[in-house]
Amino acid sequence: MSDFIPAKFCPGCGYPIALTLLKNVLKKNDLLAKSVLGLDIGCNLLAWNFLPISTFQTHHGRVVPTMVGFKRARNNSLSFALVGDGGAYAIGLQSLIHAAKRDEAITVLVINNTVYGMTGGQTAPTTLKGQKTDSHPEGNPEEPMMGPELLKNVVKPGAFLARTAVNEPKQLMEFLEKAIQTQQAGHFSLIEILSFCPTNWKTSGMETIKYLDEKLKPVFKLGEVL
Ligand SMILES: Cc1ncc(C[n+]2csc(CCOP(=O)(O)OP(=O)(O)O)c2C)c(N)n1
Ligand code: SF4
Ligand SMILES: [Mg+2]
């Protein structure tokens, strides 16, 4: 398969950046052949043919239990679950918490763009307080949810939890390598990745990067959570 596949993501989207860095890490470590990527519902499903690896399409909020099942059946595989902030922390939160608590040996990649991207930018659990969305035109009254910090309360020793951003490629690749090592050691790993959604943020060019750096990063602290 060619290394270059036309992307279906909007121009300026963060998803293809995260996916390309994942591909680079897998390629560098000669892990493409054993890797499988589960997709949730949301803009992550547009990744179905973006990488030269097999993918699964699952239901909204159900990518984690699907990849848990796959990993249990094929425990030699390297299993990734790609999910949006809505899929991970709203409709899929119950199965995410239990997978983390049971220390399932999968790697969950949560793309946090602070909105329900695919359906038009409604409020998600990670929407910033005061952020205007299609469902909260006056501004979201709630504080955003901190996924990795929440999971810290339930994971077992050996798990890896972290947060980074699509414009922190060095840190993102370092965390991907740590997450892979964690999965290979038989433990649960999750990386939350702050990501651009210019379509729903209604930002252009440099404004998108500025929005992530100045609005998201002060609230969602980057680094290893565990
Ligand atoms: C059971 C179910 N409920 C609702 C939807 C509608 N739906 C599709 S994508 C989506 C939001 C996705 O948001 P997120 O998980 O943050 O992913 P993003 O598109 O932002 O990457 C919703 C609510 C659905 N497909 N299935
Ligand atoms: S709606 Fe947002 S997250 Fe979805 S493809 Fe477009 S920019 Fe990316
Ligand atoms: Mg989202």
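The numbers here are math on the coordinates, done by the rules we state, and not lab data. Computed from a predicted structure; not experimentally measured. Cβ atoms come from the backbone with ideal geometry, glycine included; neighbour counts cover every protein chain shown.
The alpha-carbon positions of the stretch 55-125 define a convex hull whose volume is 80 Å³ per residue.
Could you work out how much longer the chain between Lys202 and Asn29 gets when fully extended? Use 0.36 nm per residue separation minus the Cα distance between them, nm to one decimal.
Working: separation 173, 0.36 × 173 = 62.28 nm, distance 3.74 nm.
Extra length available between Lys202 and Asn29 comes to 58.5 nm.
I want to verify a result. In a Gaussian network model of the chain, Cα cutoff 10 Å, which of these has the top mean-square fluctuation: Ile191, Ile209, Ile180? Sorting by GNM fluctuation, first place goes to Ile209. Stretching the chain fully between Lys129 and Ala185 yields a gain of 16.4 nm (0.36 nm per residue, less the alpha carbon separation). Based on every Cα atom in the stretch 15-224, Rg and the maximum pairwise Cα distance Dmax equal 15.9, 49 Å.
Label separation (Leu226 vs Glu174): 2.1 nm, computed from points 7 Å beyond Cα along the C-beta direction. Helical content of the chain, expressed as a calculated mean residue ellipticity at 222 nm, amounts to -8500 deg cm²/dmol (DSSP H runs of 4 or more residues, -39,500 (n - 2.57) each, divided by residue number, nearest 500). The slack in the chain from His136 to Asn49, taken as 0.36 nm per residue of separation less the alpha-carbon distance, amounts to 28.0 nm.
Pairwise Cα separations in the stretch 1-101 fall into 5 Å bins from 0 onward with the following percentages, short to long: 2, 13, 23, 24, 21, 12, 4, 1.
Pairs exceeding 19 Å between alpha-carbon atoms, taken from Lys71/Lys101; Lys129/Lys215; Lys101/Lys221; Lys129/Lys221: Lys101/Lys221.
Taking 45 Å as R0, compute the FRET efficiency from the Cβ-Cβ separation of Asp213 and Asn153 and round it to 0.05. The computed FRET efficiency comes out at 0.95. Along the axis of the charge dipole computed for the stretch 85-170 (Cβ charges of +1 for Lys and Arg, -1 for Asp and Glu, origin at the Cα centre), the listed residues Met146, Asn113, Ala124 are led at the positive end by Met146. Bridges between two residues of the chain, per DSSP, are antiparallel at a rate of about 15%.
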